[in-house]
1. Give me the distance in nm between label points sitting 7 Å out from Cα along the Cα-to-Cβ direction at Glu449 and Thr350, one decimal.
2. Please report the projected area of the chain's Cα convex hull averaged over all directions, in nm².
3. What number comes out for the charge environment of Ile99, summing +1 per Lys or Arg and -1 per Asp or Glu over other residues with Cβ under 12 Å away?
4. Which lysines have a Cα lying under 17 Å from the Cα of Lys309, excluding residues fewer than 8 positions away in the same chain?
5. Pop a pseudo-label 7 angstrom from the Cα along the beta-carbon direction at both Gln393 and Lys422 and give the gap in nm to one decimal.
6. For the stretch 3-116, take every pair of Cα atoms, bin their distances at 10 Å starting from 0, and report each bin as a whole percent.
7. Can you tell me which of 318-331, 56-69, 366-379 comes out highest on packing, and rank the rest after it, using the mean Cβ neighbours within 10 Å?
8. How tilted is helix 348-361 with respect to the longest principal axis of the chain? Cα atoms for both, answer in degrees (0 to 90, nearest 10).
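Only the coordinates and a few stated rules stand behind these numbers; no lab work does. Note that this is a predicted model, so its numbers are computed, not measured. Neighbour counts run over all protein chains shown; Cβ positions are idealised from the backbone, glycine included.
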Amino acid sequence: MPLIELNKSTSSLRPFEYECWAEKVGGSIKTWKKRLFILKDNRLWYFEGKNDQCAKGYIDINIGTKVYDISGSKVAKKKSNALAIEPIEQKDHRVYVVIFYTQSDYTNIFTRLQKLIEPPKQESPRSVVLPTRNLPLYHPPVQLQQRDGFSPISVFGNVAQFAGNPHGISNCQELVQTIGWIVKDDDAMNYWKYWLESLPSKHSNPPLYPDTEVNYMLQISCNITHTKWEAYGSQRVMIKPIASYLYSVEAPDKEVEAIDNYGLLTKPKVIGNYINTTSSFGMDEGWFFPGLFELYVLKKMQSGPDMDKLLQWLNNSQITHAIQIGKEMVTDPSFRPSCFQFVLEGNTTTRVNRVVSLFTTFGLQEVPVEILDVLRNLGQLYTYLVISVSITQIGIQRVGIMIPDPTAEIVRSFLKSDSTYKQTALVHEEMLDNPDIAVKFVEYSYLREGFGRGKFTEGSEVMVHYFLGSELP
């Protein structure tokens, strides 16, 4: 904004429409400042003091300006009476986040701003905040090539009989109510709601494009204390909401901006994001690209001795591509992992031997006999496993073994290897019997000691991956 336009005193704006004190987050430097806000005509001014002769800045409020309620969100310090304002003429995509000290001030400002902008289509504002940086761009996808034995997209696509299932969001909302520790923890529940509401839907602004969809999955641990909620869909509809969400929860700027670089490098057809939550107050978020990626992409995402070990193991296992890449936005960069998934083919003996060698390569605890027995006794219909690996700059974090489209009996066999299964069996049986959802994977994983950060269970863990359905236009 031109400096000459800031040459306005508080007294020169009288009579004004409304005046109040509130906190505003800085633009380039993310600090919170107490400011006096004055609404005059179509401009919301803000000052440092009540008798200032010069404004600190202003926000133009015109038709098309977006005003959102973000009360309770992480970006608003989880406080109430919070707004986000996105001016339509802001070239740098600046979003103003303001927290009011009283509900009266919040209501008065919000009501007046709504009268100045185009009436929203929704009955109430959505808890969505747009980023304060340039968003990653949409890149036209390349056509993925199918290899013998599996399709890179079908591995993570809809379960065939559930294709077009339009109950993804409602299934998310119903299932979260069965997880007591999320419902009872306001922070966890608000975090979950904010993620779900940030995703494109038939009711979002803008709504889902025709012929697109957003797919939902839930991973839940045997002991029910760890959940991972995932959403994925066409890059065209997902890129902006994903970047917006990650910015709004204060994910590292450079990591969010890197999504654009990886998009240029790989041109994914499908992209997704997720939140990782635990009953020990673990709350992390991340993004992923399903597809088919040459191994040089992995080298650009992560380096170090353990990355070299992984590449050597892949070479020995005749694996030439990853089928998923991604990042988890852990605050501490030392613990911030790059996450990869691979298809491990071969006969049963070969697959089991390669799994054992993977855990040995990284010096992890041996895979339990019960899990190996299941892998050895898979029927001929199971021609591959999916291997998941997460690596940080200080070494391997997590390794997982996933069986695709398992039968209920295979799922139970994995769950029974966990000592907590007797206490949680009823919950899992109800989910297995739910006709509206389907098991996509069952996974045994191992989180290396020292990487749980007091929030995630270290050592062995069994996760069941459920496909919950889709959101359609």
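1. Simple spin-label model gives 3.5 nm for this pair.
2. Mean shadow area of the hull around the Cα atoms is 22.9 nm².
3. Numbers: positive: Lys24, Lys33, Lys34, Arg35, Lys77, Lys78, Lys79; negative: Glu23, Asp69, Asp105.
So the surrounding residues net to +4.
4. The reachable lysines, counting only those whose Cα sits under 17 Å from Lys309, are Lys299, Lys300.
5. About 4.6 nm separates the two model spin labels.
6. 14, 49, 34, 3
7. Numbers: 318-331: 19.7, 56-69: 17.3, 366-379: 14.9.
Ranked by mean Cβ neighbours within 10 Å, highest first: 318-331, 56-69, 366-379.
8. Long axis of 348-361 versus the principal axis of the chain: about 60 degrees.
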